[in-house]
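Please read through the structure below; I'll follow up with questions.
The values are calculated or read from the model by the stated rules, or taken from the named source; none is laboratory data. Since the structure is predicted, the reported quantities are computational estimates derived from the model, not experimental observations. For neighbour counting, all protein chains shown are included, and Cβ atoms are generated from backbone atoms with ideal geometry for every residue, glycine included. Each accessible area value is taken on the protein alone, full model and side chains, heavy atoms only, with ligands, DNA and RNA left out. Shrake-Rupley method; radii C 1.70, N 1.55, O 1.52, S 1.80 Å.
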Amino acid sequence: MKFTFETMKQFIVGFRALHFIGPCITIFGSARFKEDHPYYELTRKAAAEFAKLGFTILTGGGPGLMEAANRGAKDVNGRSVGCNIQLPIEQHPNPYLDKWVDIKHFFIRKVLLVKYSFAFVVMPGGYGTLDEYFEALTLIQTHKINDFPIIIFGTEYHKELMNHIEQMNKSATISPHDTQLFLVTDNIDEAVELIKEKSIKQYGLHPANKIKPFKWLFEHK
């Protein structure tokens with residue numbers, strides 16, 4: 001019973017904090033890449049281009065490529081939001097966030113990272129990044145959420161992962177169509193065009209539109 005109420009409280013805290021952040025692009029990526037790494041620079045540049053489209057850049061709020069994504073949004077005066085995870089070795093929110101929420105459980109954090117997004121971008125990362133990627137992919141595959149674009153950056157880094165997905169296809173543990181649910185690229189312009197087509201155009205997004213409060217959770221902007 002205690003866990004149930006703690007979980008409800010965490011969801012309410014998250015919904016209150018993020019209800020007015022607008023249409024988002026969620027960027028997943030490792031916390032371990034430093035500022036001088038090419039993947040950091042790639043993430044920063046990509047996030048800046050996505051923010052120029054009017055999207056809020058949403059990340060796990062931590063260091064590494066999460067920081068790079070939030071920093072890219074701030075480079076172009078875009079909106080930058082994080083869902084920070086509370087860990088035994090404390091992870092501090094990065095300094096490029098307009099707003100963030102601290103979440104205790106990974107599963108709650110994943111719900112929040114998915115709930116507000118119209119596209120998912122996967123940068124190189126470890127277990128957590130792959131967990132988040134396959135969570136979003138499974139939700140789209142099973143029609144639990146809409147067919148939002150998933151973009152994987154790092155063709156060389158993810159080469160063996162793509163080979164494994166092809167092996168799943170050959171073994172019929174996934175359908176041939178499932179291999180078309182994501183784009184693998186290193187080209188930011190290609191990713192931008194896909195988001196314009198499958199997010200903005202498909203869902204009729206207008207960044208200037210404001211979300212009106214329901215006030216049932218005492219939400220605030």
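Taking THR142 as the residue in question, decide whether it is of a type outside the set (Asp, Glu) and open to solvent by 20 Å² or more (accessible area, probe 1.4 Å).
Here the answer is yes, as THR142 does meet what is asked.
With the structure loaded, tell me whether PRO207 is modelled with pLDDT under 90, closer than 30 Å to ARG16 by Cα, surrounded by 12 or more Cβ atoms within 10 Å (Cβ to Cβ) and under 23 Å from the mean Cα position of the chain (by Cα) or whether it fails that test.
Spelling it out, PRO207 is indeed modelled with pLDDT under 90, closer than 30 Å to ARG16 by Cα, surrounded by 12 or more Cβ atoms within 10 Å (Cβ to Cβ) and under 23 Å from the mean Cα position of the chain (by Cα).
Enumerate the strands (runs of 3 or more DSSP E) found wholly within the stretch 34-112, keeping only those where 1 or more residues are small (Gly, Ala, Ser) and either touching a residue at least 60 places away in the same chain (Cβ under 8 Å) or within 28 Å of GLY204 (Cβ to Cβ) (or both).
The qualifying strands (runs of 3 or more DSSP E) are 80-85.
Okay, moving on. Exactly one condition in (1) touching a helix residue (DSSP H, G or I) at 6+ places or on another chain (Cβ under 7 Å); (2) open to solvent by less than 30 Å² (accessible area, probe 1.4 Å) is false for MET66; which is it?
Just one mismatch for MET66, condition (1).
Can you find, within the stretch 69-93, the residue that is farthest from the chain's Cα centre (by Cα) among those that are of a type outside the set (Gly, Ala, Ser) and open to solvent by less than 10 Å² (accessible area, probe 1.4 Å)? Break it down into steps so the answer makes sense when it comes.
First, pick out the residues of the stretch 69-93 that are of a type outside the set (Gly, Ala, Ser): 70-71, 74-77, 79, 81, 83-93.
Next cut, open to solvent by less than 10 Å² (accessible area, probe 1.4 Å) only: 70, 81, 83-85.
Values: ASN70: 11, VAL81: 10, CYS83: 10, ASN84: 12, ILE85: 14 Å.
The selected residue is ILE85.
Which residue out of ARG109, ARG71 is at pLDDT below 95 and among the basic types (Lys, Arg)?
Answer to the check: ARG109.
Open to solvent by less than 30 Å² (accessible area, probe 1.4 Å), of a type outside the set (Lys, Arg) and more than 16 Å from the chain's Cα centre (by Cα), is that true of ILE165? It would help to see each step written out before you state the result.
Numbers: open to solvent by less than 30 Å² (accessible area, probe 1.4 Å): yes; of a type outside the set (Lys, Arg): yes; more than 16 Å from the chain's Cα centre (by Cα): yes.
Answer is yes for this residue.
Something else now. Which count do you get for residues in the stretch 1-33 that are of a type outside the set (Lys, Arg), outside any helix (DSSP H, G or I) and either buried (at least 17 other Cβ atoms within 10 Å of the Cβ) or in contact (Cβ under 8 Å) with a residue 24 or more places away in the chain (or both)?
Residues in the stretch 1-33 being of a type outside the set (Lys, Arg), outside any helix (DSSP H, G or I) and either buried (at least 17 other Cβ atoms within 10 Å of the Cβ) or in contact (Cβ under 8 Å) with a residue 24 or more places away in the chain (or both): 14 in total.
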